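Data first, discussion second: the structure below is written as structure tokens.
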Amino acid sequence: MSEDEPSPEFIKGYNHGYQLAKHEPELLGKILKSQSDNPPNDYSRAMAHGKTQYDHEKLVAEMKAIRERQKQTIRRKR
């Protein structure tokens, strides 16, 4: 494994963080808050990254939906 490749622990934490953000965001929030008292490790940092990625994808999807609704509204007015 090279230095540029994430560790298996990071990958696991990232995937867990993403899935928890998607399905159990309150639980993830509690987990991340409880981890803030401990020194960060690959797993806990990766969980936060997974949450950030999910939040980003959700925001992009919402923006696309808004844009599509606006396009439909413009088409109806013509």
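The values are calculated or read from the model by the stated rules, or taken from the named source; none is laboratory data. Predicted model only: the values in this text are computed from it and were never measured. Note that each Cβ is placed from the backbone with ideal geometry, even for glycine, and that neighbours are counted across all protein chains shown.
Selection of first residues in the range 13-31 that are within 15 Å of Gln53 (Cα to Cα) and of second residues that are modelled with pLDDT under 95 and small (Gly, Ala, Ser), restricted to Cβ pairs under 8 Å at least 6 apart or on distinct chains, gives the following pairs, ordered by first then second residue: Gly13/Ser44.
The rows are residues; the columns are (1) at pLDDT below 95; (2) over 14 Å from Tyr14 (Cβ atoms).
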site	(1), (2)
Leu27	no, yes
Asp42	yes, no
Thr52	no, no
Asp55	no, no
Val60	no, yes
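Note on the range 45-55: residues that are over 14 Å from Pro25 (Cβ atoms) and under 8 Å from the mean Cα position of the chain (by Cα) amount to 1.
Counting only residues that are modelled with pLDDT under 90 and hydrophobic (A, V, I, L, M, F, W, C), how many does the range 62-78 have?
Kept after step one, since they are modelled with pLDDT under 90, are these residues of the range 62-78: 71-78.
Retained after the next criterion (residues that are hydrophobic (A, V, I, L, M, F, W, C)): 74.
Qualifying residue count for the region: 1.
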